[in-house]
Structure formats: structure tokens, C-alpha cells
1. Residues being touching a helix residue (DSSP H, G or I) at 6+ places or on another chain (Cβ under 7 Å) and of a type in the set (A, V, I, L, M): count how many of those fall in region 166-180.
2. Would you tally the residues in region 293-323 being of a type outside the set (Phe, Trp, Tyr) and open to solvent by less than 50 Å² (accessible area, probe 1.4 Å)?
3. Do you know which residues across region 283-298 are assigned to a helix (DSSP H, G or I) and in contact (Cβ under 8 Å) with a residue 60 or more places away in the chain?
4. Take region 240-261 and flag every residue that is under 24 Å from residue 191 (Cα atoms) and open to solvent by 80 Å² or more (accessible area, probe 1.4 Å).
5. For region 262-282, how many residues are open to solvent by 50 Å² or more (accessible area, probe 1.4 Å) and assigned to a helix (DSSP H, G or I)?
6. Out of 278, 227, report the one residue that is at pLDDT 95 or above and within 21 Å of the chain's Cα centre (by Cα).
7. Output the qualifying pairs, or none if there are none: Cβ atoms under 6 angstrom, residues six or more apart or on different chains, first residue in region 19-38 and closer than 26 Å to residue 228 by Cβ and open to solvent by 10 Å² or more (accessible area, probe 1.4 Å), second residue modelled with pLDDT of 75 or more and among the acidic types (Asp, Glu).
Amino acid sequence: MTVTTPAQPAEPDVAQPDGQSDGQRHAGPSLSPSRAADFKTCPLLFRFRTIDRLPETPSPDQLRGTLVHAVLERLFDLPPAERTPAAAAELVAPEWQRLVTAEPALTTLFTPAAAGPAALDPVIADALPTGPAVETPMLDGMPLDEPGRLAAFFESTRGLLQGYFAVEDPMRLEPAEREALVSTLVDEQLLIRGYIDRLDVSPAGDLRVVDYKTGGAPREAFEGRALFQLKFYALVLWRTRGVVPRVLRLLYLRDQEICDYSPDAEELERFERTLVALSEAIERAKREKHFPPKPSRLCGWCSHQAFCPEFGGTPPPFPERAPDPDPSPEDLLDADA
């Protein structure tokens, strides 16, 4: 069974100073935070995802992260006084329905077969699509359509939303942008782009980039990896708006922790050079058709072990023509779930 990521807004083809598209496809290299992280983690993983476009099934944790992000985005559509924990909990069912409507293949993960919707919590049952029974997928030896598993999925989503209210009061916030696509050209050649969960702008014009994480807060030694994505966004904002964000904020909902970081222009210049060097390495790998595997502890979570030489597999034939840059909807998944 293959489930793709829920559809997201398409990216502009060419980045302009104001972030708008001129309608022409960018012909040069492009880079997003998720794709940059893929190459740094394992060049072969980058190839599987970006060049071969091998399908992947998102994990329940990733889907939970996507659902939490969707609920928090909709929460700010409400008037400030109505942004309560109860309101967020009520948004879980309709936002799940919206996700499965956009990506029907998700129904194969959560459609009840034997027990039926009547055995579920009413809120969960209302959120589930109806239709013929499908083959029951498994997770950790337990059927995903088992009522207890479904209830746990939705209740854990609500629990993460409670974690959000423990670290922020949305009644006191009015975000300038949500799930915003930002992009720019570096040296008039490299297109860098990605989606920002939330951008706050103070009355004085200070920028705060906020990213929701549904996974656990990293140990101090791994905070740099967690901030890589936000530095990416900070660089784009600095180049397009001329303002270095004052704060890069990671909200870890499960652990109810906040991680703040304040970059400066010199740091972002160094980061920009790092991205250019990374892009050059990717383009060289494409020319040479050489994407070696990079074994690590993360291999255990890889969806493509059947094609990886480290696990006795063989990669598919290298495509004659590399695909056009994709919108990287994976940037909207909670990578640290």
C-alpha cells in the first residue's frame, strides 16, 4: 500500500524579490530544507526521494504532525477570544476529514473494517470516511483500524494540542503569515524555498519565525540540526525583506518546551555559503550519477531498504532525465515526529 503526502499549494516556479512568480519555470538548481537535510543525511536517500521519486507511506506519527499543523493553522482563523483548548479539540475531526478528502489513500490507514464506526468515539467516527472495507494494514502488530488504535491516534493529537496551549496563548497572538511559502534566488541561480509554519511581526517590524514540532525536544548536541530548517527560512526572509529575524522559535508540543535562537547577518551569510556548497555537491552527484548510501541509526526508519545496497538491494536505473523540481510537500510534514 502506498500513501502519498496530502496535496499542498504549488510553489512558484521562479523566485522574485517579493516572493511572487513570473510564470516561468526556474531552470537552475533548487533546494528546500527537507531536500537539503536528505542529502546531508544520506545522498542515496536524496536520490530515492528527489530523482527516482519512490513512493513512501507516511507514518502515523507524521500524519499526526500534519493534523496538528492543520488544526493550529485553522485555530488562528477564529477570533482571539475563541482560540481555546476546547476549540482546538473540536477542529481535529473536521481537519482530519479535510486531509482524507484531499488524499483519499489515507482512508486505507484508518477505515474501520470489523468493528465499524459505531464502536468508535462519536467525534472519531464522524471524521472517518465511509465505504467498502479494505485490507487491514498493521502497525506494531496491531490492526490500524482497531477502535483502540484509532482512538489513541485522535487522543494523542488532542494531547499535543494541549501541549501547545501550555507553551503559548494564541489569544494574545495575531500571526502575520501562516503556512507561508517563501523563496528567493541565491547568486541569481540557486532557488531556495520552503514553508514557514508561522511568521509573527511585531509593531516595530521585528520578525519571529515559529515552527511547531510534535516530536520530542532534542538534546543540546542536536539542537543545531533542529535549527537548520529555521536558519533556511531566516536566510530567505533576510534576502527578500532585508530584515534578519530577531527570533527563530521551535515549539516542542510533546515536551512542552520552547527553543529560541537569534541569528545575525554574518551567521546567515555563512549559512548561505553552506547551502551553495551543498547545492554544488548535489549537482555534481547528478552529473556523475553517484549517490552513495550513508549508513546511520536513521536507516532503521528508511522506507527504501529494499533498494539500498547496504541492505542487499539494488537502486532502480538512473532516470535519463532528472525530474523538474517538486513542490516538496514533505516540508509540511513534521520531520521530527
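1. 1
2. Residues in region 293-323 being of a type outside the set (Phe, Trp, Tyr) and open to solvent by less than 50 Å² (accessible area, probe 1.4 Å): 11 in total.
3. 283, 285, 286, 298, listed by residue number.
4. Once the filter is applied, which keeps residues that are under 24 Å from residue 191 (Cα atoms) and open to solvent by 80 Å² or more (accessible area, probe 1.4 Å), region 240-261 yields 241, 246.
5. 7
6. One residue alone meets the criteria, 278.
7. 29/283
Here's the yes/no breakdown for (1) over 16 Å from residue 31 (Cα atoms); (2) in contact (Cβ under 8 Å) with a residue 12 or more places away in the chain; (3) open to solvent by 10 Å² or more (accessible area, probe 1.4 Å):
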site	(1), (2), (3)
176	yes, yes, yes
228	no, yes, yes
232	no, yes, no
238	yes, yes, yes
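The values are calculated or read from the model by the stated rules, or taken from the named source; none is laboratory data. Computed from a prediction, not measured in an experiment: that's the story for all the values here. Ideal geometry is used to build each Cβ from the backbone, glycine not excepted, and the neighbour counts take in all protein chains shown. Side chains included, ligands, DNA and RNA excluded: accessible areas come from the protein's heavy atoms. Shrake-Rupley method; radii C 1.70, N 1.55, O 1.52, S 1.80 Å.
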